[in-house]
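The values are calculated or read from the model by the stated rules, or taken from the named source; none is laboratory data. For clarity, every value in this text was computed on a predicted model and none was experimentally measured. Glycine also receives a Cβ, built like all others from the backbone with ideal geometry; neighbour counts cover every protein chain displayed.
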Amino acid sequence: MNRVALAITCAALFGLASCGTPAEQCEARVAAEQRNVLRLLQEVEANIARGYAWETTVSGTGFRLCTGGFRGGYGRLGLGYSSCHGGPDTMRKRVPIDPAAEMRKREALQKRLAVLSAQGVSQCLARHDAAR
């Protein structure tokens with residue numbers, strides 16, 4: 001078997017193995033949702049502790065012009081230099097928060113996380129066991 005055929009076969013097997021059963025896909029979605037809610041909850045709690053939130057704005061096109069290169073040649077190590085100009089500018093600024101609204105948001109996220117932890121995976125298992 002040549003290298004190209006071996007690479008295609010390995011890629012196909014990896015693709016089939018990563019699909020998972022519908023129950024596994026459902027569990028993965030629940031786990032991703034739990035991670036997302038937990039991240040949001042941590043952000044809200046940090047905002048409450050600080051008394052303000054961070055707002056990030058990105059401006060620019062994202063195009064970056066780089067010049068420079070690598071000295072040393074093929075197969076040898078050497079010192080290099082690089083200089084990049086342009087690209088998007090990211091700015092963070094403090095934004096005042098409404099503490100009462102942040103507290104309500106925290107409570108809602110805590111409830112959502114509790115529901116996902118208690119029922120998320122069990123609902124997936126029940127739904128896909130009933131389908132069999």
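Within the stretch 30-73, restricting attention to residues that are closer than 13 Å to residue 113 by Cβ and of a type in the set (S, T, N, Q), the residue that is modelled with the lowest pLDDT is 34. The residues of the stretch 98-117 that are free of Cβ contacts under 8 Å to residues at least 60 places away in the same chain and hydrophobic (A, V, I, L, M, F, W, C), listed by number, are 100, 101, 103, 108, 114, 115. Kindly indicate whether any position in the stretch 105-115 is among the charged types (D, E, K, R) and outside any helix (DSSP H, G or I). The answer is no, given that none of the residues of the stretch 105-115 is among the charged types (D, E, K, R) and outside any helix (DSSP H, G or I).
Within the stretch 37-57, the set of residues being in a helix (DSSP H, G or I) and surrounded by 13 or more Cβ atoms within 10 Å (Cβ to Cβ) comprises 37, 38, 40, 41, 43, 44, 45, 47, 48.
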